[in-house]
Amino acid sequence: MCEFAAEGKVVSFFYSAVGAFPKRVVVLPRLIAERNNRFYCIAYRFDKERYITYSIDRIDSYEIQAEEDQNKYQKQIEALIPFDKDSWFKQIVGISNEDAEIMEIELLFTPWQAQYMRMYKFHPEEQVLFDDRNEDGMENGKGRCIRVTLKNTYELRAKILELGKGVEVLKPQKLRDQIQNMLLEILEKYKS
């Protein structure tokens with residue numbers, strides 16, 4: 001599959017989405033990317049007329065389309081805006097660039113979590129509002145606060161939950177409420 005993305009050829013494969021039967025799709029692969037030890041193919045899907053992220057471990061029976069089929073899609077390919085990897089990831093956490101509300105987000109990391117977040121940024125576009133440590137690198141008590149503009153996707157909310165008590169959503173209130181509701185649902189499952 002990796003060579004298909006490099007060659008810019010139209011490809012067909014059967015894809016098994018979660019809980020669905022395999023479906024044949026015809027795509028123009030643009031990028032193979034890795035996230036959390038899984039590989040994904042970001043491809044333009046002709047029948048949906050948009051880019052979709054496919055998990056490579058759910059792809060089966062793929063093949064490069066014959067030359068006459070390549071030509072069939074040529075007009076659509078020529079009309080596409082060139083794929084820009086940097087733009088794809090600019091406003092998302094994770095791999096899927098779905099339609100979602102764009103929000104200016106402020107996150108506060110605890111002093112302990114801040115040590116990790118200095119080395120491994122939450123997002124490359126983040127702005128540090130404050131990083132509370134003294135000249136010796138010792139924590140002063142507040143932690144690290146960042147601002148970043150991102151799409152409010154499932155992957156964003158999952159990443160915040162993954163950091164557990166090490167992070168607090170300060171803004172916007174809508175995202176804060178979503179995280180709180182998710183935590184209450186989780187807590188309800190553990191009540192005896």
**OP:** Take the Cα atoms of the range 2-83, build their convex hull, and give its volume per residue in Å³.
**Re:** 97
Original post:
Using unit Cβ charges (K, R positive; D, E negative) and no other charged atoms, how large, in debye to the nearest 20, is the dipole of the range 102-189 about its Cα centre?
Top reply: 200
Original post:
Hey, what did the range 2-83 get for relative contact order, percent, Cα under 8 Å, at least 6 apart?
Top reply: 29
Original post:
How much length, in nm to one decimal, is gained on full extension between Leu170 and Glu78, taken as 0.36 nm per residue of separation minus their Cα-Cα distance?
Top reply: 28.7 nm
**OP:** Quick one: dipole size for the chain, taken about the Cα centre, charges +1 on Lys/Arg Cβ and -1 on Asp/Glu Cβ, in debye to the nearest 20.
**Re:** 460
Subject >> Amide H contacts under 5 Å for Leu129, placed H, 5+ residues apart >> reply: Cys145, Ile146, Arg147
Original post:
Between Gly94, Gly19, Gly143, which gets the highest mean-square fluctuation from a Gaussian network model of the chain, Cα cutoff 10 Å?
Top reply: Gly19
Original post:
Quick one: Debye curve from the C-alpha atoms of the chain, no solvent, what's log10 I(q)/I(0) at q = 0.15 Å⁻¹?
Top reply: -0.97
Original post:
Relative contact order of the range 102-189: what whole-number percent is it, with Cα pairs under 8 angstrom and at least 6 residues apart?
Top reply: 39
Original post:
For the pair Asn37 and Ile64, what calculated FRET efficiency results from E = 1/(1 + (r/R0)^6), where r is the Cβ-Cβ distance and R0 = 22 Å, to the nearest 0.05?
Top reply: 0.20
Original post:
Normalised by the residues of the chain, what does the relative contact order come to in percent, with Cα pairs under 8 Å and at least six apart?
Top reply: 17
Subject >> Reachable lysines, given that their alpha-carbon falls under 23 Å from the alpha-carbon of Lys165 and they are not under 8 places away in the same chain >> reply: Lys121, Lys142, Lys151, Lys174, Lys189, Lys191
**OP:** Estimate the FRET efficiency between Val18 and Lys189 by the formula 1/(1 + (r/R0)^6), using the beta-carbon distance for r and 22 Å for R0, to the nearest 0.05.
**Re:** 0.60
**OP:** Give the longest segment of the chain that steers clear of chymotrypsin sites (Phe, Trp or Tyr not before Pro) in DSSP loops with at most 14 neighbouring Cβ atoms within 10 Å, not counting the sites themselves.
**Re:** 1-119
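Laboratory data are not the source of any read-out in this text; all were calculated from the coordinates shown. Since we're looking at a predicted model, the values are computed, not measured. No Cβ is skipped: glycine too gets one built from the backbone with ideal geometry, and neighbour counts run over all protein chains shown.
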